[in-house]
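The structure under discussion appears below in the form of structure tokens.
The values are calculated or read from the model by the stated rules, or taken from the named source; none is laboratory data. As the structure is a prediction and not an experimental result, all values here were calculated from the model. So basically every Cβ, Gly included, is an ideal-geometry build from the backbone, and we count neighbours across all protein chains shown.
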Amino acid sequence: MLATPLIQVTLGNLRYDSHVFAAQISRALLPATNNARLMFPAVVDIEAEPGDAAELLLGAGDSSEVVLTGTVTRIERHPNHTLVVLSDGSYALNQYRPGSTFERQNCASIAKALAAAVQLAVGSVSIDLSVPQFAAHQKRTAAEHIARLAELSDGYAYIDGAGRLQVVAWSDGPADAAIKYGRDLFDYSFAKQPNRSAVAPVGNGPSGSADAPDALRPGAGSLPESLPDPGADNIWQAQPMLRTPAAVQTAHKGINRVRSQSSGQARLVGLLRPDFYPGIKLEIQDVPSVSGNWIVTQLTHEIVHASYARTTMRAREAVAADSLFGALVGALGGVF
């Protein structure tokens, strides 16, 4: 028999160790908003108010992890229960629509500045794409801007369990963990649908570097200079902030990596795994006709005491950079 899962939550100055009888915790890559919905018996005294600090720890077996650190965003009081909703820094990033411009900074510095604007702590930021200028306009939220900067830098972004922004370059290394059907998984679905076209981010230039004197001067030419004409198999995407061949190449890789990943989609349902997080790379074992690694883009922990505890994940198929770049060269007529 499986051990009873642990739900330990701190709301303001009070900690509740055994009071939550149902919980749903959702986490995903940016620009999604992470949240936790916790149900308490109505007799439990909830003194917290929206805006108070909150921390949620989940435990399953010998594993326990802080899965969300943020604030209380909503409290609903009903005759039989009280619903408390928590969110982390992704909520603040999605509420904030900046109106800022940046010059001669790399994407890591821009992401950190957008996080600082909402007092969000920053963990690791390992992207290094440099751009001469970037307009963080109000048509997108700060979460959408950071997710876009990460994608153009061949990376991804998420908020970790400690409430810190993490912006990570994609890795072609081994899986972070393995899950096995019949042991960790009890339901799954896998689907594949190939992409019929490649996306070509079109820069403006060229310039020698993002810091060069002419980097801010608009040019008459496109970058790369000899792209195949746009059409059904080649979609042009204007990215005038890309001014160097290296920047365009990185953006090509990042955009088309996500498109290639999305051609393989999975839904995985299994045992409660508080140690899993958005962006984790999983090796799937003992699933017929399925191989390779899969990247978790969204996960939801559901717990109902005396009933069930499970984690449901959405995942995309991992794509190696060497095969991706080869496909890009073919699709774009060898411009690189």
| query | Hey, which of the strands (runs of 3 or more DSSP E) in segment 1-66, taking only ones fully inside, have at least 3 residues that are basic (Lys, Arg), surrounded by 13 or more Cβ atoms within 10 Å (Cβ to Cβ) and in contact with a strand residue (DSSP E or B) (Cβ under 6 Å, 6 or more places away or on another chain)? | reply | none
| said: Every residue in segment 130-158 that is touching a Cys at 6+ places or on another chain (Cβ under 6 Å) and either surrounded by fewer than 24 Cβ atoms within 10 Å (Cβ to Cβ) or among the hydroxyl-bearing types (Ser, Thr, Tyr) (or both), please. | reply: 153
| request: Kindly check whether there is at least one residue in segment 170-180 that is touching a residue at least 60 places away in the same chain (Cβ under 8 Å), crowded, with 22+ Cβ neighbours inside 10 Å and either hydroxyl-bearing (Ser, Thr, Tyr) or at positive phi (or both). | output: no
| said: Between a residue in segment 11-39 that is closer than 22 Å to residue 92 by Cα and any residue that is charged (D, E, K, R) and outside any strand (DSSP E or B), which pairs come within a Cβ distance under 7 Å, given they are 6 or more apart or on different chains? | reply: 11/52; 12/47; 12/52; 31/144; 34/88
| What are the residue pairs meeting all of these: first residue in segment 139-162, first residue more than 13 Å from residue 253 (Cα to Cα), second residue of a type in the set (S, T, N, Q) and not in a helix (DSSP H, G or I), Cβ atoms under 7 Å, and 6 or more apart or on different chains? | 157/166; 158/166; 159/34; 160/166; 161/69; 162/69
| remark: Restricting segment 291-310 to residues that are touching a residue at least 24 places away in the same chain (Cβ under 8 Å) and assigned to a loop (DSSP other than H, G, I, E, B), the one nearest to residue 151 (Cα to Cα) turns out to be 292
| query | Which residue pairs have Cβ atoms under 8 Å apart, sit 6 or more places apart or on different chains, and have a first residue in segment 271-290 that is more than 23 Å from residue 56 (Cβ to Cβ) and a second that is in a loop (DSSP other than H, G, I, E, B) and among the hydroxyl-bearing types (Ser, Thr, Tyr)? | reply | 281/171; 284/291
| field | Residue that is modelled with pLDDT of 95 or more and under 30 Å from residue 101 (Cβ atoms), where the choices are 240, 278, 224, 230 | value | 278
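The rows are residues; the columns are (1) surrounded by fewer than 22 Cβ atoms within 10 Å (Cβ to Cβ); (2) among the acidic types (Asp, Glu).
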site: 277; (1), (2): yes, no
site: 283; (1), (2): yes, yes
site: 286; (1), (2): yes, yes
site: 311; (1), (2): no, no
| Looking at residue 17, is it among the acidic types (Asp, Glu) and at pLDDT below 95? | yes
| For segment 90-129, how many residues meet the condition of being crowded, with 21+ Cβ neighbours inside 10 Å and either modelled with pLDDT under 95 or at positive phi (or both)? | 2
| message | Let me confirm something: among 196, 164, which residue is at pLDDT 95 or above and either surrounded by fewer than 19 Cβ atoms within 10 Å (Cβ to Cβ) or at positive phi (or both)? | response | 164
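Which one of these is under 30 Å from residue 240 (Cβ atoms), without any contact (Cβ under 8 Å) to a residue 12 or more places away in the chain and among the aliphatic types (A, V, I, L, M): 111, 136, 116, 92?
Answer to the selection: 116.
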| Which of (1) out of contact with any Gly (no Cβ under 9 Å at 6 or more places or on another chain); (2) modelled with pLDDT under 95; (3) not polar (S, T, N, Q) does residue 299 not meet, given it meets every other one? | (2)
| query | Could you count how many residues in segment 250-300 are of a type in the set (Phe, Trp, Tyr) and more than 10 Å from residue 316 (Cα to Cα)? | reply | 2
| Restricting attention to segment 226-261, which residues are free of Cβ contacts under 8 Å to residues at least 40 places away in the same chain and assigned to a loop (DSSP other than H, G, I, E, B)? | 229, 230, 232, 240
